[in-house]
């Protein structure tokens, strides 16, 4: 079994909200200085929430170390964030996929809006130029890379070097099994997502170097209960 739950609480505005780090003098921060993003990845599977939280799956979501929101309508977002501000989720960091929320612009104006949401600790995006902007706003950032071929791998590595996000998410996740050595020396954690359909594949990907896998597959969330 995994060790007891870690308190990841962080926020610029609400001390009981969570993130990947710890307190600093003067209050809690969404993106603490010199705090490794890997502290958000103490569990092997990150749930992607697309339609809220099914009451039947609450305990599975509560067992994670990071939550990703990807999908849904902007009008529905406050309800989900309010639920995530209450037990048993209030101490879990939350990242919002800014490209996939209908009604939310995935540009710097949308990013500034996200920075006003006290329950959101950071963003996920394919728009790598938003990573530095997120950093200035005190938000964590995960840049998504789609690895269609070898050229995409080289372009992706260049993007990471230029934008310097807190982590990278590789899609499809199974592609990492073929190119793991190219990402092995990155100074940031690598997350794998997409086409991961069994615990066996997830374990292979993690063994290849991924810090965690991201998925909306509820059956894979159960991996967080055991090593």
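Residue 145 meets all of the listed conditions (1) in contact with a helix residue (DSSP H, G or I) (Cβ under 6 Å, 6 or more places away or on another chain); (2) within 18 Å of residue 45 (Cα to Cα); (3) assigned to a strand (DSSP E or B); (4) in contact (Cβ under 8 Å) with a residue 24 or more places away in the chain but one, namely (2). Looking at 70, 158, just one residue is within 26 Å of residue 187 (Cα to Cα), out of contact with any helix residue (DSSP H, G or I) (no Cβ under 9 Å at 6 or more places or on another chain) and modelled with pLDDT under 95, and that residue is 70. Quick check, is residue 60 part of a helix (DSSP H, G or I), modelled with pLDDT of 95 or more and in contact with a helix residue (DSSP H, G or I) (Cβ under 7 Å, 6 or more places away or on another chain)? Yes: the conditions hold for residue 60. Checking every residue in segment 181-193 against the condition of being under 18 Å from the mean Cα position of the chain (by Cα), outside any strand (DSSP E or B) and closer than 17 Å to residue 68 by Cβ gives at least one match.
Residues that are in a helix (DSSP H, G or I) and in contact (Cβ under 8 Å) with a residue 12 or more places away in the chain were ranked within segment 204-218; the one that is nearest to residue 50 (Cα to Cα) is 218. Scanning segment 173-196 for residues being in contact with a strand residue (DSSP E or B) (Cβ under 9 Å, 6 or more places away or on another chain), loosely packed, with under 14 Cβ neighbours inside 10 Å and modelled with pLDDT of 95 or more gives a total of 1.
The values are calculated or read from the model by the stated rules, or taken from the named source; none is laboratory data. Keep in mind that what you see is a predicted model, and the values were worked out from it rather than measured. Note that each Cβ is placed from the backbone with ideal geometry, even for glycine, and that neighbours are counted across all protein chains shown.
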